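Worksheet: the structure to be examined is printed underneath.
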Amino acid sequence: MIGRQERWQEELFVAGPLRELVPDEHILKRVDKVLDLSWLREEVRDSYCEENGRPSIDPEAAVRLMLAGFFEGIVHDRKLMRQAQVNLAMRWFAGYRLDEKLPDHSSLTRIRQRWGPERFKRIFQKTVQSCVKAGLVDLDTVHVDATLIRADVSWESLVEVHAETVLRENAEGPDDSPEGGGKPPKGKKVSVTDPEATMTTNRKDQRLEPSYKQHTAVDGASGVIVDVEVTTGQASEGKQLLEQVERVEETTGKRVETVTADGSYAHAANYAALEERGTEAVIPPPKEPRAKRPMPLGRFRYDARHEVVRCPAGKKLRRSCRTPKGWMHRARLKECQGCPLRASCLTRSVTARQVLIVDGYAALLRARRQRLRWDDATLEKYGRHRWRVEGVHGRAKQQHGLRRAARRGLSNVRIQSYLTAAVMNLKRLAALLWASFLGGFDRRSRLQAVASYRDAVSSGPIHSRLPQHRAA
């Protein structure tokens, strides 16, 4: 018999709580068990007036609305509130009844402006600490990488600013504009709608785009995001490495044993700093240049103990001056004049050879020698780097809307990055809760485990009693 469903029958009353209308396997219902925002009200209390004004949106409800949107890949407030109006799971997750009016989308914008990025960074850090308490994070290996986030600007908004204008506005130097019909300086493109976004690219065969750069650190065992930071697109990721490691240790209370990164982080200063703090650096060092003229630095021998450099002819190059990157070593003029290797070591316009020894150069040389002796365990750590941290970037862009900035300005992009990372960590915690009921059972026992899980879900939040898990 063919059944018939009365589609237009409206019920005046709905029997049962809203929780019962949301499936137990729904991601928001699973995340609700591990999400603890009880601390948030005191954290943001100083942003509100206790005596004047209308009652604001509950801080926890506002954050839950934002998080619910990021779980669905919705990063724009208008679309989020339209979806929350008809989505029972979002209403229940944020604490709104069926007949209760949802806040206007502009309220979420004002909340972000009032709180600032540091409050949302605290939300992300709390998820990291929850993962640590659950035993998901051990920091035996931390994978570090950076990715670009396309700014929310159009190509028509780009204008060209000449170098002297940039220097004058940023107060970085004097006006060096040419006089008397010289060649005009090369222009720099900036966006008039989002000046903080800078032109950059991650590949030489692709054009420059206005972008921001997210620096990410991921735990190697579990894939939990333990640190994120957003800078302008032109910021060097290599200079962010040491600060990232320090932030990871401060947030988790654990020590980082090993750091893996790609060649963009292969700075001599990074090798020296990681070596000094006793952290293993699985970072492929850059190869020595093979140029024939002038003679490459690899042909010179550096004596770090006596701080001198010996050229291929056996002559000493001593320190001459300090540069921002390191010390310049220079040979004596009379020693270079009669040197048999002068033709291959110096150009015609140079009278004496000088070389730059960057800070941490000795550690860089040791890293190059160590790279030749990488064992299978080290190669495995570096092999996990790509699919661990780059996989996190891929999921953040594909599933949670991080491919393009939702709003303009560095502060707004940081908030988007923090919320995205928090959502991905909460998914890890929810997966741990689900696996704790299903792991290690045979097929018959899984049905009982599912029933136990549903009982736990219906008994209230369990973020304070998560099952301990040791990451493999």
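Please state, rounded to one decimal and in Å, the Kirkwood hydrodynamic radius that the stretch 297-352 gives when every pair of distinct Cα atoms enters the mean of 1/r.
By the Kirkwood definition, the hydrodynamic radius is 12.0 Å.
Which value, in debye to the nearest 20, describes the size of the charge dipole of the stretch 192-237 about its Cα centre when Lys and Arg Cβ atoms bear +1, Asp and Glu Cβ atoms bear -1, and nothing else is charged?
Computed about the Cα centre, the dipole is about 260 debye.
Which of the lysines could be linked to K316 by a straight reach, that is with a Cα gap under 16 Å, when you skip same-chain ones fewer than 8 residues away?
Of all the lysines, those that pass the test against K316 - Cα under 16 Å, at least 8 places apart if same chain - are K334.
Got a sec? Charge dipole of the stretch 18-115, +1 on Cβ for Lys and Arg, -1 for Asp and Glu; which of V86, I57, H26 is way out at the positive end?
So the residue furthest toward the plus end is V86.
Provide the FRET efficiency to the nearest 0.05 for the K287-L379 pair, computing r from the beta carbons and using R0 = 22 Å.
Computed FRET efficiency for K287 and L379: 0.80.
Restricting to DSSP loop positions (anything but H, G, I, E, B) with no more than 15 other Cβ atoms inside 10 Å of their own Cβ, which trypsin sites (Lys or Arg not before Pro) remain in the stretch 329-399?
Working: sites: R330, R332, K334, R342, R348, R353, R366, R368, R369, R371, R373, K381, R384, R386, R388, R395, K397; in loops: R332, R348, R353, R373.
Those satisfying the criteria are R332, R348, R373.
Once you charge only the Cβ atoms, +1 for Lys and Arg and -1 for Asp and Glu, what is the size of the charge dipole of the stretch 246-333 about its Cα centre, to the nearest 20 debye?
Working: 20 positive and 11 negative charges, 231 e Å.
Magnitude of the dipole: close to 1120 debye.
Which aspartates and glutamates have a Cα less than 14 Å from the Cα of K239, not counting those fewer than 8 places away in the same chain?
Reachable aspartates and glutamates: D145, E229, D262, D359.
Cα-Cα over 24 Å: which of K213/K287; K397/K427; K101/K397; K254/K427?
From K213/K287; K397/K427; K101/K397; K254/K427, over 24 Å: K213/K287; K101/K397.
Please turn the phi angles of the stretch 119-136 into ³J(HN,Hα) values with the Karplus equation 6.51 cos²θ - 1.76 cosθ + 1.60 (θ = phi - 60°), one per residue in order, whole Hz, x for glycine and proline.
Result, ordered by residue: 5, 6, 5, 5, 4, 4, 4, 5, 5, 5, 5, 5, 5, 5, 5, 7, x, 7 Hz.
Please identify the trypsin sites (Lys or Arg not before Pro) of the stretch 265-312 that satisfy two criteria: DSSP loop assignment and at most 16 other Cβ atoms within 10 Å. Which are they?
R277, K287, R290, K292, R305
To the nearest 0.05, how large is the calculated FRET efficiency for D303 and R54 if R₀ is 60 Å and r is the Cβ-Cβ distance? Provide the component values of the computation, followed by the final result.
Details: r = 72 Å, r/R0 = 1.20.
With R0 = 60 Å, the Cβ-Cβ based efficiency is 0.25.
Nothing charged except the Cβ atoms of Lys and Arg (+1) and of Asp and Glu (-1): what's the magnitude of the dipole of the stretch 277-429 about its Cα centre? Round to the nearest 20 debye.
Once rounded to the nearest 20, the dipole reads 460 debye.
Need one number for the stretch 18-115: average projected area of the convex hull over its C-alpha atoms, nm².
6.7 nm²
Just so you know, all these numbers are worked out from the coordinates, no wet-lab data involved. Given the structure is predicted, the values throughout are model-derived calculations rather than measurements. Positions of Cβ are backbone-derived with ideal geometry, glycine not excepted, and every protein chain shown enters the neighbour counts.
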